[in-house]
Amino acid sequence: MSPLLSALCLLILHTGVQSFGILPGDSLNHQEITERAILNVTVLVCHDLAAAEGADFSFPPYTAESVAVACGTPKSTKSFRRAITFITLMNVRVDLRHALNASFHFDEEMFDQGRGIITAGLDAVKASNEQERYEAARQKLGEILHPIQDFYSHSDWLELGFKVPNSNLLRSDTSIGNIAEESRPTCRNCDGDDCKNNILEDIIQEKVLTSGYFGVVPGSSTKPPGKCSHGGAVDQTSTIEPKGGINKDTFSASHGHLHTQAANLAIAATSELLQEIRKAAGDRPFLQMLGLTKGSNKDLCFVVDTTNSMSDVIDAVNNVTSFIINSEEGTENEPAAYILVPFNDPDVGPVIRTTDPGIIQAVFESLIIGGGGDEGELSLSGLELALRAAPSNSEIFLFTDAPAKDKGLKNSILTLIERTQTVVNIMISGTTSNNRRRRRAAGQSKNSRITDEDIQLYRELCQASGGQTVEVTKTELPEAASIISDTLNSSVVTLVQAARNPGKEDVFSFIIDESITDLTVHVTGRSVTFILTSPTGESQESTDATGSLITSRRSVGNLQSVKLKKVDGLWEVRMVSTNPYTLKVIGQSPIDFLFDFVKKSQGPFEGYDSVNTRLRAGVNGSLLVSLTGSNTATVTEAVLLGSWSSEEIEGIVEPQGSGSFLVHFSRMPSDEFVVQVKGRDDSFESRASIFFQRVVPTTFKTSDLMITADADSIIVPTAPFEVPFSVMAHSKGGNFTIRATNSRLFDSTFPTSLVLTTGIPVNGTVTLTAPRTTPSGTDVTLNIEAESPDRQDVNYVMLRFTVINPITDFIHPECVLLSRQSNCSQSCHLSEWTINVRVQDGAEGTGVDSVRLRAGNGTLYTNPAANNENITMVFYRSSCCSPDMELQVEDKIGNTGTCSFSFNSNPTNGATSTKATKSTLLCLSMVVFWVYVLT
């Protein structure tokens with residue numbers, strides 16, 4: 001599923017939905033509740049980090065942009081917004097994917113079932129963070145935020161007089177409360193439209209938990225006699241006695257007089273859950289889960305040909321990769337991780353992933369050259385491994401001198417690129433006569449020269465991703481790589497992207513706005529020339545050294561790169577070559593956009609759901625856009641531009657509030673296309689407003705096929721995991737090829753073909769089995785593809801799952817004080833105190849994972865016990881000027897506790913979610929919430 005998802009990628013367009021609303025308005029909705037809680041906790045984390053480092057911290061206005069700046073990560077604004085909107089999407093889509101499943105909404109007194117969804121999901125989030133699989137963590141986090149928020153709107157928790165969140169929703173080994181028995185009446189009829197007092201007095205007095213029943217089909221209610229209903233126009237049970245409802249989703253709901261309190265408790269409960277995740281992960285990993293890092297959130301991947309013919313090129317490749325790594329290390333563009341995938345023939349891999357640039361460079365230096373000897377290599381297999389291993393929006397460099405032997409993977413690679421929006425750059429060093437002689441000397445056939453047809457496959461893959469295919473010699477590799485690496489900057493935005501093959505004369509226009517810096521034009525192709533025209537009317541040819549528009553020019557192999565003089569306004573590039581070429585114009589700017597394709601919901605509630613497959617060609621479609629980098633920008637135009645042609649399809653833009661825009665297109669293109677957005681921003685002081693233009697560099701396709709699939713998102717090792725799917729051909733039937741691939745290469749079964757008749761869906765099932773040894777938190781992406789008999793049409797659906805081992809350990813480690821010594825006196829700085837502590841997780845525990853100093857200014861030493869991972873020995877030394885200390889202890893599945901000591905009092909053990917902690921969190925959450933509202 002694409003991580004570039006808009007802030008309202010799931011819109012429910014009528015008011016009868018059975019949970020907090022979706023659309024902005026007077027009532028608080030799931031989007032606002034989720035975003036406010038995330039901003040609340042993020043600010044608290046950044047404040048605490050600043051305090052620990054002795055740095056100043058100013059509480060910012062509560063927007064993603066302002067919070068990212070306050071946290072010292074201004075270039076993470078886009079990735080922070082992307083994380084928030086993705087989590088929000090996963091939250092609000094529960095209303096469409098699980099609209100009538102009472103467990104997801106705490107309806108029908110499904111308290112244990114709803115709590116089970118939350119606790120299982122919380123375990124999955126913690127495990128995913130432990131494995132640094134943050135996309136999987138965000139997906140599951142969004143899913144469990146929906147029920148925890150609905151609890152306060154759908155149950156009678158507020159009516160029972162509770163003022164703080166129910167923390168037992170986060171634990172599976174405690175009681176949620178006194179739940180009403182199935183036979184016990186809980187409500188009476190409302191007094192007309194007045195439902196304030198419809199919950200029975202004995203339910204209130206005995207503090208009995210209940211929630212409303214919900215049904216949308218007349219005559220099919222399963223509400224027992226005397227039970228409450230959810231309420232509202234869509235709920236058919238609300239017309240059955242006792243009539244009315246108890247939900248607090250909006251101000252106009254049955255118990256709408258409690259809407260504000262319910263929403264505030266939902267914010268506080270969401271904040272509490274986020275704090276639980278924070279404590280398990282640690283502050284920096286928690287922020288990274290939310291897209292906030294000092295460096296880039298992208299992984300930098302290298303896919304390297306290690307066959308014999310690369311023997312005298314591999315040193316140059318090593319130097320190039322070292323240059324790229326060293327130039328980004330310690331900067332705002334430093335990758336989140338590095339990935340290396342070697343390939344030759346017949347071997348591919350293994351995938352090496354590390355956050356240490358020194359390790360990845362050491363692995364490069366130890367690469368063994370060998371294999372090959374025939375015409376092609378398994379370059380696409382290596383690329384596929386990298387695309388599956390890296391998170392979305394990463395950057396890949398592939399180095400080879402040979403054609404792809406595995407061309408049949410082309411369609412699978414294109415679908416992976418489309419869904420992950422990862423940029424692929426391919427550096428080919430096999431196109432000169434010297435290279436041909438070198439390969440013959442290495443024992444390869446004299447006919448093994450990489451042809452233009454071979455290179456065209458690489459060009460199509462790069463063009464689909466927004467990357468470059470660069471054809472160079474060994475000596476030209478470093479220069480070419482240094483040009484391409486300029487695009488790694490996290491602030492890079494694309495203004496124009498196009499390709500023409502066969503080449504033709506064409507004109508491309510783009511707008512330079514006030515926020516743009518470092519304007520650069522990249523062109524690939526042999527003997528390609530172009531003319532630039534600035535907003536002032538001045539022109540300069542790409543080969544002209546005397547003009548003033550081009551400030552610098554670099555050319556290597558088939559790649560040209562020119563930097564332009566900064567002149568705001570409408571520019572024009574006139575390509576005058578008939579040779580094949582690609583064109584890309586980029587700059588740096590904080591203003592950009594996220595988007596996703598959406599389609600109307602097929603469920604009981606009218607709305608729009610995000611699409612994790614290709615849309616149908618030739619029919620209408622919709623796009624949802626969210627702007628980043630500015631709180632005042634607005635979208636004025638959205639266009640689908642043909643990648644290989646001049647086709648343009650303009651959409652109708654409808655503002656949705658909160659920086660989001662729904663765009664309707666009368667038809668979807670039949671050929672490949674990119675998405676272009678134009679807009680206006682009134683926040684710049686130098687003029688009344690600026691006009692901007694941006695393009696998402698990924699190329700998209702449509703399909704005549706429809707493929708759908710859905711399944712629970714948690715896999716248990718050794719248990720067969722079934723994913724049902726359905727395929728339908730709209731215009732032409734036949735025997736369609738089915739492929740199902742997963743990123744972990746788990747054993748799987750599926751039908752390899754399905755016979756389709758036009759307009760009739762055919763079902764299939766993919767069954768996966770995770771090995772027993774699969775670590776909890778391992779994420780798995782499953783790609784199911786359907787390909788037409790003539791191989792001209794492919795559609796896919798991509799799903800993400802998390803492997804979780806069943807948890808039986810619910811108890812956090814405890815601390816046992818072994819000894820304490822002190823010589824404290826009035827001169828505290830001249831005296832000290834020490835303690836020896838044994839941290840133990842019990843005979844049935846999963847083992848002590850970490851011991852951290854949560855409070856105190858002394859020095860902490862830890863030593864895991866030999867041959868017993870359930871015990872860690874701790875020694876602490878401190879000046880008597882710091883008389884107290886607190887440890888945070890955590891086991892290997894995330895159960896977290898605290899231990900407090902001082903030099904003159906007894907120790908205390910406790911869970912991190914103590915009563916004081918809950919009250920403090922609620923207080924902080926409410927304070928920050930009102931700061932947000934007043935701001």
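How do the peptides 450-458, 757-765 rank, highest first, by the average count of neighbouring beta carbon atoms within 10 Å per residue? Please list the in-between numbers first.
Values: 450-458: 16.2, 757-765: 13.2.
My ranking of the peptides, most packed first, is 450-458, 757-765.
When you count, for each residue, the other Cβ atoms within 10 Å and take the mean per peptide, how do 824-837, 519-532 rank with the highest first? Kindly include the intermediate steps, with their values, before the conclusion.
Details: 824-837: 14.9, 519-532: 19.9.
Descending mean neighbour count gives 519-532, 824-837.
What trypsin sites (Lys or Arg not before Pro) in the stretch 681-776 are in a loop by DSSP, with at most 16 other Cβ atoms within 10 Å of the Cβ?
Loop-located and lightly packed - 687, 732, 772.
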Margin query: Show log10 I(q)/I(0) for the chain at q = 0.06, 0.07, 0.11 Å⁻¹, two decimals, from a solvent-free Debye sum over equal Cα scatterers.
Written below: -0.46, -0.63, -1.43
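Accessible area of the chain with a 1.4 Å probe: how many percent of it is carbon plus sulfur? Please report the intermediate quantities before stating the final value.
Numbers: 17240 of 35150 Å².
Reported share for carbon and sulfur atoms: 49 percent.
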Next item on the list: Can you figure out the FRET efficiency of residue 543 with residue 712, using R₀ = 60 Å and their beta-carbon distance, to the nearest 0.05?
Entry: 0.50
Notebook entry, point to check: Residues of the stretch 204-241 with amide nitrogen under 14 Å from the 7 Å Cα-to-Cβ point of residue 178?
Noted result: 204-210
Margin query: Given 25 °C and 0.890 mPa s, compute D for the stretch 270-370 with the Stokes-Einstein relation, Rh being the Kirkwood radius over Cα pairs; round to the nearest whole µm²/s.
Written below: 160 µm²/s
Notebook entry, point to check: How much length is gained on full extension from residue 47 to residue 735, taking 0.36 nm per residue of separation minus their Cα-Cα distance?
Noted result: 241.7 nm
Check: Counting only heavy atoms of protein chains, what accessible area per residue, in Å², does the chain have with a probe of 1.4 Å?
Finding: 38 Å²
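Residue separation times 0.36 nm, minus the C-alpha to C-alpha distance between residue 100 and residue 567: what's the value? Don't jump to the answer; show the numbers that get you there.
On the way: separation 467, 0.36 × 467 = 168.12 nm, distance 5.60 nm.
Extending this stretch completely gives an extra 162.5 nm.
Under 1.5 on a/c is rounded, so check that first for the stretch 701-803, then, if it is not, pick prolate when a/b is larger than b/c and oblate when it is not; a ≥ b ≥ c are the square roots of the alpha carbon gyration tensor eigenvalues.
It comes out prolate by the Cα gyration axes.
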Item checked: Charge context of residue 789, other residues only, Cβ under 15 angstrom, K/R +1, D/E -1 -> -2
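Quote to one decimal, in nm, the extra length available between residue 332 and residue 667 on full extension: 0.36 nm per residue of separation minus the C-alpha distance between them.
Working: separation 335, 0.36 × 335 = 120.60 nm, distance 4.06 nm.
The residue 332-residue 667 span can extend by a further 116.5 nm.
Rounded to the nearest 0.05, what FRET efficiency do residue 844 and residue 359 give with R0 = 56 Å and r taken as the Cβ-Cβ distance? Could you check?
Working: r = 36 Å, r/R0 = 0.65.
Here the calculated transfer efficiency is 0.95.
Can you figure out the FRET efficiency of residue 551 with residue 526, using R₀ = 35 Å and their beta-carbon distance, to the nearest 0.05? Could you put the intermediate results ahead of the total?
Details: r = 25 Å, r/R0 = 0.71.
For residue 551 and residue 526, the calculated efficiency is 0.90.
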Check: Per residue of the chain, what 222 nm ellipticity follows from adding -39500 (n - 2.57) for every DSSP H run with n ≥ 4, rounded to the nearest 500?
Finding: -7500 deg cm²/dmol
Notebook entry, point to check: For the residue pair residue 112 and residue 368, what label-to-label distance in nm results when each label sits 7 Å from Cα along the Cα-to-beta-carbon direction?
Noted result: 5.7 nm
Notebook entry, point to check: Put a dot 7 Å past each Cα toward the Cβ at residue 201 and residue 821; how far apart are the dots in nm?
Noted result: 6.8 nm
Check: Quick one: net charge of residue 619's neighbours, Cβ under 11 Å, K/R +1, D/E -1?
Finding: +2
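The values are calculated or read from the model by the stated rules, or taken from the named source; none is laboratory data. Nothing here was measured: the structure is a model prediction, and the numbers come from that model. Quick reminder, even Gly has a Cβ in these numbers, built from the backbone with ideal geometry, and neighbours come from all protein chains shown. Side chains are part of the model used for accessible areas, which takes the heavy atoms of the whole protein and leaves out ligands, DNA and RNA. Shrake-Rupley method; radii C 1.70, N 1.55, O 1.52, S 1.80 Å.
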